[in-house]
1. Give the average, rounded to an integer, of partner chain Cβ atoms located within 10 angstrom of each Cβ in D:221-230.
2. Heavy atoms of the protein only, probe of 1.4 Å, neighbouring chains included. What is the accessible area of residue B:52 in Å², nearest 10?
3. Taking just the C-alpha trace of chain C, give me its Rg and Dmax in Å.
4. Of D:195, D:129, D:252, which is the most mobile in a GNM of chain D whose springs link Cα atoms less than 10 angstrom apart?
5. Cut-off under 28 Å on the C-alpha distance; same-chain residues fewer than 8 positions from residue C:193 excluded. Which lysines are left, in chain and number order?
6. Can you list the distances in nanometres, one decimal and ascending, from the residue C:182 label point to the identical position in each other copy, with the point 7 Å along Cα to Cβ?
7. Let's see if you can work this out: charge +1 on each Lys and Arg Cβ, -1 on each Asp and Glu Cβ, no other charges. What is the dipole magnitude of the protein assembly as shown about its Cα centre, in debye to the nearest 20?
8. What FRET efficiency do you get for residue C:200 and residue A:271 if R0 is 45 Å and r is their Cβ-Cβ distance, rounded to the nearest 0.05?
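The values are calculated or read from the model by the stated rules, or taken from the named source; none is laboratory data. Note that the structure is predicted; figures quoted are calculated from it, not measured. Ideal geometry is used to build each Cβ from the backbone, glycine not excepted, and the neighbour counts take in all protein chains shown. For accessibility, only protein heavy atoms count, side chains too; no ligands or nucleic acids. Shrake-Rupley method; radii C 1.70, N 1.55, O 1.52, S 1.80 Å.
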4 protein chains.
Amino acid sequence: MGLIGAGVMGADHANTLRHSVAGARLAGVHDTDRQRAAMVAGIAGARVHPSDHELIESPDVDAVIIASHDSAHARQVLACIRAGKPVLCEKPLAPSIEDCQEILTAQQQRGMGDLVSIGFMRRFHPGFTAMKAELDSAVLGEPLLALASHRNVRAYPTGGSVGTLTNSAVHDIDITEWLLGSPITEVGWFAPKPTSLDRDRHDPQLIHLRTASGVLISVDLFVNAQYGYDVRYELVCERGTVRLAASVPILTDRDLAHGYAHATDWRAFFADAYRLELQAWVDATSSGRATALATVSDGLRSTLVAQALVRSMHTRQPVAVSEVSPGHSAHHADDVDLPV
Amino acid sequence: MGLIGAGVMGADHANTLRHSVAGARLAGVHDTDRQRAAMVAGIAGARVHPSDHELIESPDVDAVIIASHDSAHARQVLACIRAGKPVLCEKPLAPSIEDCQEILTAQQQRGMGDLVSIGFMRRFHPGFTAMKAELDSAVLGEPLLALASHRNVRAYPTGGSVGTLTNSAVHDIDITEWLLGSPITEVGWFAPKPTSLDRDRHDPQLIHLRTASGVLISVDLFVNAQYGYDVRYELVCERGTVRLAASVPILTDRDLAHGYAHATDWRAFFADAYRLELQAWVDATSSGRATALATVSDGLRSTLVAQALVRSMHTRQPVAVSEVSPGHSAHHADDVDLPV
Amino acid sequence: MGLIGAGVMGADHANTLRHSVAGARLAGVHDTDRQRAAMVAGIAGARVHPSDHELIESPDVDAVIIASHDSAHARQVLACIRAGKPVLCEKPLAPSIEDCQEILTAQQQRGMGDLVSIGFMRRFHPGFTAMKAELDSAVLGEPLLALASHRNVRAYPTGGSVGTLTNSAVHDIDITEWLLGSPITEVGWFAPKPTSLDRDRHDPQLIHLRTASGVLISVDLFVNAQYGYDVRYELVCERGTVRLAASVPILTDRDLAHGYAHATDWRAFFADAYRLELQAWVDATSSGRATALATVSDGLRSTLVAQALVRSMHTRQPVAVSEVSPGHSAHHADDVDLPV
Amino acid sequence: MGLIGAGVMGADHANTLRHSVAGARLAGVHDTDRQRAAMVAGIAGARVHPSDHELIESPDVDAVIIASHDSAHARQVLACIRAGKPVLCEKPLAPSIEDCQEILTAQQQRGMGDLVSIGFMRRFHPGFTAMKAELDSAVLGEPLLALASHRNVRAYPTGGSVGTLTNSAVHDIDITEWLLGSPITEVGWFAPKPTSLDRDRHDPQLIHLRTASGVLISVDLFVNAQYGYDVRYELVCERGTVRLAASVPILTDRDLAHGYAHATDWRAFFADAYRLELQAWVDATSSGRATALATVSDGLRSTLVAQALVRSMHTRQPVAVSEVSPGHSAHHADDVDLPV
């Protein structure tokens, strides 16, 4: 495997590959920061490549993991498609819809199935997979309503209100379509007064998603929730409900309190999901089978839905996903959308 | 105490008064069904009164509990005010806003404080009172968002989509204003496709409430949830969250499952709340102190908010509570609002 | 009702009677500390009696609650029996087996059923009553094993290792016989090294109880558990288990932790049980029916079992309850039984 | 890696190695049933070896996993030691104490550290490792008491009362010594009447373990618990408690019940533990570092403690582990120890 991007997420993937995934070996690393690349490569006994291009072309590299800056994703993914190498690209596939579509076209023209997988790791989280199995068993009947929460301890300084949608909500969007097997066709955006602990964005936000199958999904996004990293999801069906359990190893009693510790960030919360995702990708890549990971189409669709949410945030009206023109980009709107 | 209405709720109150409330005795009962009245009165050793008027006027009766049909509430409450007797009226105070306002005016003209209390029993549920105490302690900081669920096993055959708002959602409305200490000023109404188990109404529904203080509240209402009677409420604050715990006496393990039994209806779920409410009302009534129960103003406000929700259901637009004119009544609209 | 003993427990009963129990009124109070008696009596509008004897004999007093010092119980209960008045005596009925037997004899000679009830309030705790209902439903099959915990935040300075058995374990003994409907016939006593936070007693202790029906019960008793007041009980049956749920009103998330607050003492934990017990006693007393409370025989049996445990603590051998001679008293042994 | 034994456990290891463990490959398989060996080998692309001896000696095999019949363990482990190859032997290391000691001696004579690791997988279960971390953090103070449960859905037809101790309790013994870092020096054995669903053994059993450090551990073992596979462990310390949480992916509400599904056997419950154990062993083996797995000494000690429990079962007295002579074997006593 080759790895492009040796930052937090890339180093994490290298570590998972080395210590927890069967059937693969890290052969090459590239990072714009050569020292960072050397560190990650050194541990794994891999080569450092001076450019992403060279890594992608290297005969030692059978498949590529992209964990570079979002802005480089599209170019690197296209290079992998040209080289005919399977690629696992961290989400988002690309910040702009045009780039997503260019990748989709390039892959289709090549005509040999999905080369590109996207790192929507929730699809491999044991809670989400068990929830899908429960739903698919039909014991609970048709899903009608979903209630979800997506909460971080503290926001990144950059990102703003739009970033919450394009960086965080995309996970809720993707997992919703995957769970329900139906595309999201309409969205709505809402917010209470923002937390006084962050004056730079709407926080929390509350979003509505509607699927073609008629399910309504409500998700609260709170990037400064302070209390812990917390992801919840409940499906309310005709004959019952199913929700993620808090998966914790131990419970304690002390100081007049009973309870458990929250995860502090997404990596601890989704450690199993990342491992299982990488394993599934390695297994598929090695055997030439299609992966169970999100595809370019999935990535494009989640970006479109996020853009529809950005528009709804600006207009305070429901927005059909079909309204979002490919020429639209929300990023310039970011700094004018402070809460009032 | 005198009791008007010896149906399910009235018999429940008589029973609670007799077996669980200190300092009061049931002295008189009236019901349009005399036999029913006699049965409840007999157990308690109380007199049966041939008319509500006579019961209210009876010198044996110091205070009146009204658990009659909703349509009789206003007339009976007004008679109590004229008689100068404290009255605990089951919710809703009256189905029409005009009736609520007439009661408010009558009480104000009498000029001796609140004679009328309304049976919004949630205010006495140990979970809600603990949640309010936690909120008031300010440890969690300002509330920003609330997420609530209100689910019944099976709908009453009548009621329709409007009934869900005027009968069920009023509880969520009242408890929200009580918890947050701020009036609801705007509402929104949403729904997924309806459950196939009930073709007569929108079910579930999802409502948004906004307080003057800027909090956004999302409540799902599902009167055919099948799985159990279930009320949830979570307050998401700047520094943490607080929510109702499932208050159950025992946990079992059998047949490869761990868990607990759901309540089948609101009476089991709120048994403590009903007892504590009645006790608080008896204590206040006996001592001439103001009650901690919901007042006529509270009852009027919850009816106004429910009517705003009905309008939002019809227009699919957000509705300001101030828009709801006193002349508006939603009841005629009920049967034309089937889900499409 | 008359109340003898206006300390913590007596004041609690007076308060419960006044604010939460139907059909009774506090008419008289006696305490060796007259001021304390006057305070409790004043709130309730009751008379202060200069002696327990006078209170018991007073025609205003139909029934008597005894919450005095343990050493006075026997004499006062015997006086109530002579006066033919129902009495609710706080546990223990009497510290010595001879006194318990004298009361039993006096009551039997009078020949009109149980006049004396004992305040083993656990029998009215909603968790224990639900557990008994589950057991009696036979869904889980025969009980085989019970696992219980009884933990306090901090020990009273006096009491020592014996006190843990005669004051705390008696509750576990009584509830076990009540739940299982079979007498305890054999006991065993065990302990780990004691906590360093209390050098004056064995703490924690672990006791075994065996019923005539063959069930083995293991209870850990930890009077300096620090973390909270906590009572647990699980019945392991042939086809499944049932246990007490933690009955808490709210859950919170903050400071990277999820959880709930523990009770700090038994009064908060068993508030419902005390209320329901007093109500059941008042209902039975008013109507002349037998009470569902523990009887003199129950009280005697729990004392015998506790004494068998004291003997087992001294001998480190299993002890048959039948071995415990009525002449035996463990109290003198208390101070020689420090952990080594 | 070479695998001896291609039954349930062996096939499981082969599968884990292939799909979830980094850095190793199955090169050879042996089983007395050649067809079974061929099936497991075929999937992994490994060779089938006609004898265990040949597999152990094969130059393709760097390290050996033994999952054969218990009676073959000692001979095969000794052969691995002679061949100088690291070996992961499923528990028990050997049924007899003499065999364990012979292995220990052989390894010591070779003088190059621990070649032999034993599959006590609980040491890698995320709950147990988190519990050890909590204990080691010293926040809760000294451990005093431990309360554990070990319950299966249904017993194997063979095994009897002794089998519960030598096959099941050894896990509780090993994890206790590992958690507490102190050897068990004394044991006690107890039982209620047995379940009517299995007349062939004492079931449930309750055992006491005491460590040199003074901690008392009580474990109930119930191999016919019916309701699910369930392992619990709580450490009661001076300032609080820590226990395993039920690690489940989802919660459901339906049919008037809330809850989650129990595991049906140990493999689902400990899947993570098996994976992490095998990974740790592969990592250590590849790098020549000492493993974190249980050693021969650990295996010998757990067998000694189990034998002391067998003796306690027969004598109904506490037994010091030092009393258990190496010549003692409990297996012949099995069929005479039916519950009476």
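1. If you average over the peptide's residues, the count of other-chain Cβ atoms is 5.
2. 20 Å²
3. Cα-based Rg and Dmax for chain C come out at 20.2, 64 Å.
4. Maximum fluctuation in the GNM of chain D, among the listed residues, is at D:252.
5. Filter leaves D:132.
6. Output for residue C:182: 3.5, 5.5, 6.0 nm, nearest copy listed first.
7. 0 debye
8. That pair, residue C:200 with residue A:271, gives E of 0.45.
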